[in-house]
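Quick notes on the structure that follows.
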Ligand code: F6P
């Protein structure tokens, strides 16, 4: 028998994603309607672990009906977030300047008890869900809510934030079409997504890009260049190439901008390399546009608002029903629950034989792994 819930905490961790505020609103209202108190932890778990860093506002904020009013359409998270300060591997600087990682999870759980918080709703990607699983194993009541624009979490058909990112990236690529057409240029568009190609694939296919490079398929530039030359021969002087930040050339390496202590690798830079390589192979002017954090910001689209609200409410139903150590998951037409242990440290990649990939290939979109149909008419180029 689990003890009745009187007070819960919400926490948002990792990179922000449009729809986070919808989760916070639905979870707060659903909990308050059950007579529970709700608090929000600032910046992941930092508000609880380092309260002295929040002298003015406090590291824990009361979430009332008023504080979650009018936030569904807003981007970001009203609680703040961080991708540093994982409590299970907390970075601590030594006297000699070196860093070590310390497990502060028992201390964190003690703080939950001290604040009389009976359960945690942790809203985040693989990092936050893995932390949630760890805290659950140490005795905290935890329900996870999957968030990421990358859509790379297992056991949920999609995560909120993904559709907003895809819609915005698609709009950006639409805009690049007109300028690429006017100048007869190649434009390479680099999009986020970490080691999964969901955003690149969906935005690339929806916008009608001519080549899409995703992490799931190591690429060669020759087939992409041949596709561009073939288009040129058919009178289309411009081409659009969408590259996922985690795409990797055959026999090469993923492009990494750097890695700070206690953080994941920062991916980026592959777009410029692809543009330079295509310029060299085709002789055409090639430009790069890195969409970067633009696709993570701004208002959630209606799909993500609704999914966020559904996930937030489902998390509270889970706690009421005594579920623990689970993640809410979209399993159309319903939202159900899967064990946190089955999602942590897993990655959902694009299946290379999925219908969207097949559609793209049927339309002649090149993935850098196969020469285009009838390529020998244009390749190798005659100088
Ligand atoms: O996971 C979401 C995401 O936006 C990835 O697509 C990207 O690689 C990463 O976060 C960027 O993180 P940061 O904002 O810390 O640079």
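The values are calculated or read from the model by the stated rules, or taken from the named source; none is laboratory data. Computed from a prediction, not measured in an experiment: that's the story for all the values here. Please note: Cβ atoms are built from the backbone with ideal geometry, for glycine as well, and neighbour counts cover all protein chains shown.
Of all residues in the range 227-235, none are in the same structural domain as residue 183 (by TED's automatic domain parsing), assigned to a strand (DSSP E or B) and surrounded by 15 or more Cβ atoms within 10 Å (Cβ to Cβ).
State all residues of the range 1-52 that are within 16 Å of residue 313 (Cα to Cα), in contact with a helix residue (DSSP H, G or I) (Cβ under 7 Å, 6 or more places away or on another chain) and assigned to a loop (DSSP other than H, G, I, E, B); if no residue qualifies, say none. Of everything in the range 1-52, those that are within 16 Å of residue 313 (Cα to Cα), in contact with a helix residue (DSSP H, G or I) (Cβ under 7 Å, 6 or more places away or on another chain) and assigned to a loop (DSSP other than H, G, I, E, B) turn out to be 5, 19, 34. Set side by side, the residues 217, 199, 173 differ, and just one is in contact (Cβ under 8 Å) with a residue 12 or more places away in the chain, crowded, with 23+ Cβ neighbours inside 10 Å and either more than 16 Å from the ligand (Cβ to nearest atom) or not in a helix (DSSP H, G or I) (or both), which is 173.
Can you pull out every residue in the range 64-104 that is at positive phi and either more than 25 Å from the chain's Cα centre (by Cα) or assigned to a strand (DSSP E or B) (or both)?
Of the residues in the range 64-104, the ones at positive phi are 70, 76, 80, 85, 97.
If the condition is that a residue be at positive phi and either more than 25 Å from the chain's Cα centre (by Cα) or assigned to a strand (DSSP E or B) (or both), then 97 is the only one that fits.
Looking only at residues of the range 341-359 that are modelled with pLDDT under 95 and in a helix (DSSP H, G or I), we find that the one that is nearest to residue 220 (Cα to Cα) is 342.
Would the range 360-378 turn up any residue that is part of a helix (DSSP H, G or I), surrounded by fewer than 16 Cβ atoms within 10 Å (Cβ to Cβ) and modelled with pLDDT of 95 or more? Give the steps one after another, and end with the answer.
The first filter runs over the range 360-378 and keeps only residues part of a helix (DSSP H, G or I), leaving 360-362, 375-377.
In the following step, the residues that additionally are surrounded by fewer than 16 Cβ atoms within 10 Å (Cβ to Cβ) were identified as 361-362, 376-377.
The next check asks that each one be modelled with pLDDT of 95 or more; those that pass are 361-362.
For the range 360-378, residues part of a helix (DSSP H, G or I), surrounded by fewer than 16 Cβ atoms within 10 Å (Cβ to Cβ) and modelled with pLDDT of 95 or more: present.
Scan the range 234-254 residue by residue and report those that are in contact with a helix residue (DSSP H, G or I) (Cβ under 7 Å, 6 or more places away or on another chain) and more than 16 Å from the ligand (Cβ to nearest atom).
Within the range 234-254, 238, 239, 240, 241 qualify.
Could you tell me whether the range 179-189 includes any residue that is more than 25 Å from residue 146 (Cβ to Cβ) and within 16 Å of the ligand (Cβ to nearest atom)? Yes: one or more hits. Entry remark, the range 5-51: residues being surrounded by fewer than 24 Cβ atoms within 10 Å (Cβ to Cβ), more than 21 Å from residue 133 (Cα to Cα) and either within 16 Å of the ligand (Cβ to nearest atom) or modelled with pLDDT under 95 (or both) number 2 in total. Would it be correct to say that residue 296 is within 16 Å of the ligand (Cβ to nearest atom) and under 23 Å from residue 11 (Cβ atoms)? Yes; evaluated as a whole, the condition is true for this residue. Which condition does residue 281 not pass, out of (1) assigned to a loop (DSSP other than H, G, I, E, B); (2) under 23 Å from residue 379 (Cβ atoms), if it passes all the others? Failing condition for residue 281: (1). Applying the criterion of being in contact with a strand residue (DSSP E or B) (Cβ under 9 Å, 6 or more places away or on another chain) and assigned to a loop (DSSP other than H, G, I, E, B) to the residues of the range 150-170, the residue that is nearest to the ligand (Cβ to nearest atom) is 161.
For the range 105-130, a residue qualifies if it is within 16 Å of the ligand (Cβ to nearest atom) and either over 19 Å from the mean Cα position of the chain (by Cα) or within 18 Å of residue 319 (Cβ to Cβ) (or both), and the qualifying residues are 122, 123, 124, 128, 129.
Within the range 246-270, the set of residues being surrounded by fewer than 13 Cβ atoms within 10 Å (Cβ to Cβ), free of Cβ contacts under 8 Å to residues at least 24 places away in the same chain and within 19 Å of residue 87 (Cα to Cα) comprises just one member, 259. Provide a single number: the residues in the range 310-331 that are in contact with a helix residue (DSSP H, G or I) (Cβ under 7 Å, 6 or more places away or on another chain), in a helix (DSSP H, G or I) and surrounded by fewer than 22 Cβ atoms within 10 Å (Cβ to Cβ). Going through the range 310-331 one residue at a time, the tally reaches 1.
Cβ-Cβ contacts under 9 Å between residues 6 or more apart (or on different chains), taken from a first residue in the range 179-195 that is at positive phi and in the same structural domain as residue 291 (by TED's automatic domain parsing) to a second residue that is away from the ligand (no atom under 16 Å from the Cβ) and not in a loop (DSSP other than H, G, I, E, B), are listed as 184/232.
On the stretch given as the range 292-307, residues that are assigned to a loop (DSSP other than H, G, I, E, B) and crowded, with 22+ Cβ neighbours inside 10 Å total 1. Taking the listed residues 267, 291, 278, the one that is in the same structural domain as residue 217 (by TED's automatic domain parsing), within 12 Å of the ligand (Cβ to nearest atom) and closer than 20 Å to residue 217 by Cβ is 267, with no other qualifying.
Inspect the range 89-102 for any residue being closer than 22 Å to residue 114 by Cβ, touching a helix residue (DSSP H, G or I) at 6+ places or on another chain (Cβ under 7 Å) and surrounded by 15 or more Cβ atoms within 10 Å (Cβ to Cβ) and give the result as yes or no. Working first, answer last.
Taking the range 89-102 first, the residues closer than 22 Å to residue 114 by Cβ are 90, 92, 102.
Right, trim to touching a helix residue (DSSP H, G or I) at 6+ places or on another chain (Cβ under 7 Å) and you get none.
No, there is no match, as no residue in the range 89-102 is closer than 22 Å to residue 114 by Cβ, touching a helix residue (DSSP H, G or I) at 6+ places or on another chain (Cβ under 7 Å) and surrounded by 15 or more Cβ atoms within 10 Å (Cβ to Cβ).
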